[in-house]
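Notes follow the structure.
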Amino acid sequence: MQHNKVLILDFGSQYTQLIARRVRELNIYCEIHPFNKIPTDLDSYKSVILSGSPNSVRGEDVLHPDLSEIRGKKPMLAVCYGAQYLAHFSGGEVAESNTREYGRANLAYVKPEEDFFENIHEGSQVWMSHSDTIKKLPEGGVLLASTGDVENAAYRIEGEDTYAIQFHPEVYHSTDGHQLLQNFLVKIAKVNQDWTPNAFVEETVEDLKEKLGNDKVVLGLSGGVDSSVAAMLLHKAIGENLYCIFVNNGLLRKNEFEDVLHQYEGMGLNVKGVDASARFLDALAGKSDPEEKRKTIGRVFIEVFDDEAHLIQDVKWLAQGTIYPDVIESVSATGGPSATIKSHHNVGGLPDFMKLKVVEPLKALFKDEVRRVGASMNMDSQLLGRHPFPGPGLAIRILGDLTREKVRILQEVDAIFINNLRSWNLYDKVWQAGAILLPVNSVGVMGDERTYEKCVALRAVESTDGMTADWVNLPYEFLQKTSNEIINKVKGVNRVVYDISSKPPATIEWE
Ligand code: XMP
């Protein structure tokens, strides 16, 4: 895909992904690469952004890449640590700051450059987060703006399209950060804003056609957003040569297998539903350790999938719905030369015995972009808006050992909870929701009889990426009605509780 790509060099800041998000929001394609792995094909990038970092440029030489192939040769924006490193690299001076410079500050112009500061007025709020400060600008440095505590808050290098800012334009609290990134990328770096969902679909379909030719491709559908959107893109490119497999592991939500399968068929996909419930549930019998349950499910899935893939003659490729956060390489917090790679079950998850080539059409997208791409292909909004659901399914929401009866109970409880969220228009306000079957019985009374039955927990969280989450303040009336309905309708349950723990310190799932 040939684009006006932007390269973001990552020095390990917690905000690096946020820079990428903001750039993508401008309909500009960008990639994050670790500072110590500058791509060799620099020609294919139109502009470069240097990220922040938790480290100091005064530390050992760990985060000091050679910028000579970039500085002055491509439009560059250096942010926070990047601005300090640019100064350090180019003959300026960075020292420990006397004051801690965190949080709110306001811009005061020294030289209000028209393009760089267009539509940003003096006094605009910017967000600081650093403990070093630039004492002396680099050679050719021209001061553009200061703040109350930071003299060298924004500068450029004379005669180059090289800009540097001490604050973070990518965070929400830098009120004009979005405008500033746009000014730099569009006005100064002259990057075209042509990266739209429609353009992505067109180009990806063309690329896939070229790459796959008449080859056959197999893809595992999960009912989730990523694999479904990946399937639609491949379907547009190669039609009947895409073979989708949707495995029922017996741990899906109530009626999910039938409903989703039906929906896939309606989308014109060539999909085979494989009901392997018994195989999974038999393999899980007697296992109560969460990790053992996960491993068993993973192993059986590969066996079932492999059996099915072998039934397709001459299949050459395995397609996966891997998305960008799964593959980003990020530098370790210490900034050491060894970059750590975020591991994820989807990445490199190809068993050796399946000698297939891998194709991952969504590898460059964030989750919300996947949804936008799906919407631009007119995919069903309910499918695109589905809550995340873990691969091991209800197995990790049934604490301890698993039986068919427990799965049935939880499916019933979960269905009432989720249906009620939908009918109360709460489903789309919640990031993820589900019910958990606890391994305890408690005493209750129904009619005149004593009961001794199961307890279920309901969990609903808000989050953006699942990394941190908070419980949702669902209306009491909703909880009251849902709890009543569960206890009245689901045999074997006499108690319902609502989980009010945030992540951290809890996790979203209970196992
Ligand atoms: P936790 O429980 O770690 O969950 O806060 C964060 C997100 O990850 C999902 N999750 C999983 N997804 N396999 C998956 O495919 C798993 O083993 C697994 N465990 C947790 C969880 O549902 C939430 O969205």
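The values are calculated or read from the model by the stated rules, or taken from the named source; none is laboratory data. What you are looking at is a predicted structure, and each value in this text was computed from that prediction instead of being measured. Note that each Cβ is placed from the backbone with ideal geometry, even for glycine, and that neighbours are counted across all protein chains shown.
Points worth noting:
- Screening the range 299-310 for residues that are surrounded by 14 or more Cβ atoms within 10 Å (Cβ to Cβ) and within 16 Å of the ligand (Cβ to nearest atom) and picking the one that is nearest to I245 (Cα to Cα) gives F305.
- Meets criteria (away from the ligand (no atom under 15 Å from the Cβ) and in contact with a strand residue (DSSP E or B) (Cβ under 7 Å, 6 or more places away or on another chain)) for I508: no
- Qualifying residue in the range 53-64 (condition: closer than 20 Å to L18 by Cα, touching a strand residue (DSSP E or B) at 6+ places or on another chain (Cβ under 6 Å) and buried (at least 21 other Cβ atoms within 10 Å of the Cβ)): no
- Entry remark, the range 164-202: residues being of a type outside the set (S, T, N, Q), closer than 22 Å to R22 by Cβ, assigned to a helix (DSSP H, G or I) and within 25 Å of the chain's Cα centre (by Cα) number 8 in total.
- Where a residue in the range 364-376 is among the polar types (S, T, N, Q) and its partner, wherever it lies, is in a helix (DSSP H, G or I), with Cβ under 9 Å and at least six apart: S376/P197; S376/N198; S376/F200; S376/V201
- Residue match in the range 61-75 (condition: farther than 23 Å from A87 by Cα, assigned by TED's automatic domain parsing to the domain that holds S97 and at pLDDT 90 or above): no
- For the range 308-322, the criterion of being at pLDDT 95 or above and part of a helix (DSSP H, G or I) is satisfied by no residue at all.
- Among the criteria (1) within 16 Å of the ligand (Cβ to nearest atom); (2) more than 12 Å from N494 (Cα to Cα), the one A457 does not fulfil is (2).
- Selection status of E405, more than 16 Å from the ligand (Cβ to nearest atom), farther than 24 Å from E206 by Cβ and either of a type in the set (A, V, I, L, M, F, W, C) or assigned to a helix (DSSP H, G or I) (or both): yes
- Which numbered condition P361 misses (of (1) surrounded by fewer than 13 Cβ atoms within 10 Å (Cβ to Cβ); (2) at pLDDT 90 or above; (3) part of a loop (DSSP other than H, G, I, E, B); (4) not basic (K, R)): (1)
- Qualifying residue in the range 411-419 (condition: surrounded by 13 or more Cβ atoms within 10 Å (Cβ to Cβ), away from the ligand (no atom under 16 Å from the Cβ) and closer than 30 Å to F366 by Cβ): yes
- Matching entry among S463, S376, S423, S381 (being away from the ligand (no atom under 16 Å from the Cβ), surrounded by fewer than 19 Cβ atoms within 10 Å (Cβ to Cβ) and modelled with pLDDT under 95): S381
- Pick from the range 466-490, criterion in contact (Cβ under 8 Å) with a residue 40 or more places away in the chain and not in a helix (DSSP H, G or I), ranking: surrounded by the fewest Cβ atoms within 10 Å (Cβ to Cβ): P475
- Entry remark, the range 486-505: residues being among the hydroxyl-bearing types (S, T, Y) and within 12 Å of the ligand (Cβ to nearest atom) number 2 in total.
- Filtered residue count, the range 384-402, keeping only those that are more than 16 Å from the ligand (Cβ to nearest atom) and among the charged types (D, E, K, R): 1
- Residues of the range 286-326 satisfying the condition of being touching a Leu at 6+ places or on another chain (Cβ under 6 Å) and among the β-branched types (V, I, T): T296, I323
- Residue in the range 466-485 that is farthest from the ligand (Cβ to nearest atom), counting only those that are over 16 Å from E412 (Cα atoms) and of a type in the set (S, T, Y): Y476
- Residue that is farther than 21 Å from R22 by Cβ, outside any loop (DSSP other than H, G, I, E, B) and either within 31 Å of the chain's Cα centre (by Cα) or touching a residue at least 12 places away in the same chain (Cβ under 8 Å) (or both), where the choices are L77, L143, L86: L143
- For first residues located in the range 163-191 and surrounded by fewer than 19 Cβ atoms within 10 Å (Cβ to Cβ), partners that are assigned to a helix (DSSP H, G or I) and acidic (D, E) and lie 6+ apart or on another chain with Cβ distances below 9 Å form the pairs H178/E25.
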